[in-house]
1. Just the number: Rg to Rh for region 3-172, Cα atoms, Kirkwood Rh, two decimals.
2. Between the DSSP loop rule and a limit of at most 15 other Cβ atoms within 10 Å, which GluC sites (Glu not before Pro) in region 198-279 are left?
3. Using a Förster distance of 56 Å, how high is the FRET efficiency between GLU4 and LEU240, based on the Cβ-Cβ distance and rounded to 0.05?
4. Apply the Karplus curve 6.51 cos²θ - 1.76 cosθ + 1.60, θ = phi - 60°, to the phi angles in region 126-137 and return the couplings in whole Hz, x for Gly and Pro.
5. Rg/Rh for region 279-336 to two decimals, with Rh computed the Kirkwood way over all alpha-carbon pairs.
6. What's the angle, to the nearest 10 degrees (0 to 90), between helix 25-39's Cα axis and the longest principal axis of the chain?
7. Net charge within 10 Å of GLU216 by Cβ-Cβ distance, Lys/Arg positive one each and Asp/Glu negative one each, not counting GLU216 itself?
8. Name the residues of region 321-361 whose amide N is less than 20 Å from a point 7 angstrom out from the Cα of LEU287 along the C-beta direction?
Amino acid sequence: MKQERINYTQVVWTITRLLQDAESLEDALRTSLGEVVRAVGAEAGTIWFYNSNGDKRIYPSFWIGGADLTGLSLAAGEGIAGMVVQKGKTTVVKDCQKDERWAGRFDETTGFVTRSMVCVPLINKYEVIGCIQIINKKDGSLYNDDDVELCENLAMLTAIAIDDKGLNLGFVKEKKTILSLQNVTKTYGSGETAIKILKGVNLEVQEGEFLVILGESGCGKSTMLNIIGGMDQLTTGTFLFDGKDYSKADDKTLTMYRRNAVGFIFQAYNLMPTLTAKENLDFIGELCNDPMDAEQALERVGLLGRKDNYPAQMSGGQQQRVSIARALMKKPRIILADEPTAALDYETSIEVLTVLEEVIKRGTTLLMVTHNEEIAKMANRVIRMKGGVVSEIIVNRHPASAKELVW
Ligand SMILES: Nc1ncnc2c1ncn2[C@@H]1O[C@H](COP(=O)(O)OP(=O)(O)OP(=O)(O)O)[C@@H](O)[C@H]1O
Ligand SMILES: [Mg+2]
């Protein structure tokens, strides 16, 4: 067998072990990428991940050599990496500078000159999750079949390792903090009768995140949600939304914030009984700057066919879905849901959660208070409150879908 082939087999062994035994998958991926770059005689390598649930762009998460790619991204279909992610097919390019698919602005931004490339899709069992790019073969030759096979092996091992171990993908870091609570306290009453409910809550929420908030009755969950929703004011501490400080905002400012940025869903649906589903939404639409079309909102929750029904003509789950549509009317940046399924049986709860799942997929941030631990499996992060503070935060690397929940 050719020496090169034997060397490549050794590299595959090395990276298999590295990725299998990794304590830190991030480190193992970086090292494995480095092994492959070195073995094929390339200058640089990059692993890109596809933000398929978010903005549909690809983000460089690990790179070795070459340019500093911090802060850069490509749309799916843009550039060679974007195209490989879109088509799911390995692509070899001899001279990028002469290839019209190459996103030239990358070199302009970084000062690096990209010449040759092999780019292989990163595919898990179901879909393309990114790609691996090996750049500039030092001897100027075209990448050969053995090089490509090695890169494809790396891609497969990487996808398996991510599936096994989970990985906090790079683009999560690109996300932006939408709101933060810093050392927030809330005291009701004053003097001898004063009771301190929140005793220094710290929380950062990323745009597009689904957070579930758990904690025993009376620990301050609704109080925190009311502060975030601009319905109540904190006593001390800082509350920022989209970088703006609302800690000491007056009623008028809070009303505008609440009206335009926040959607609310409660345990009680609070629909007006004398108005149809569509009229309930139109009523709210009148109050917003730039409302969604009521029929579109009903379609999002699967109830367009019920637009002329009155609340009493709908089931609890359907009424709750209308109240979700009502929250969507203002195209909110964030939705606050306080025990939205508490009054519903199992099947209607799943129906409502499935609708909320779609809302999150479209990029809306969702904070949900619940007593149902099973629902926490759907969240990106689970916040547990105790004694007026956030006592625990758990990151879910693989959030479940609503249909997988059982109780
Ligand atoms: N406006 C108020 N004035 C005085 N006390 C209040 C007020 N609002 C809430 N509280 C008290 O603050 C405490 C926390 O209430 P909160 O509604 O935030 O709890 P929770 O965690 O949402 O509980 P649950 O799970 O039962 O809904 C409770 O003891 C409640 O009685
Ligand atoms: Mg509550």
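No lab work stands behind these numbers, since they all come straight from the coordinates. Everything quoted here is computed from the prediction, not taken from an experiment. So basically every Cβ, Gly included, is an ideal-geometry build from the backbone, and we count neighbours across all protein chains shown.
1. Numbers: Rg = 14.7 Å, Rh = 15.8 Å.
Value, to two decimals: 0.93.
2. Here the sparse-neighbourhood loop sites are GLU216.
3. 0.50
4. Result, rounded to whole Hz: 10, 7, 6, 10, x, 7, 10, 10, 10, 10, 6, 5.
5. A ratio of 0.94.
6. The answer is roughly 20 degrees.
7. Details: positive: LYS221, ARG384, LYS386; negative: none.
Combined, the nearby Lys, Arg, Asp and Glu give +3.
8. Label zone hits: 321-340.
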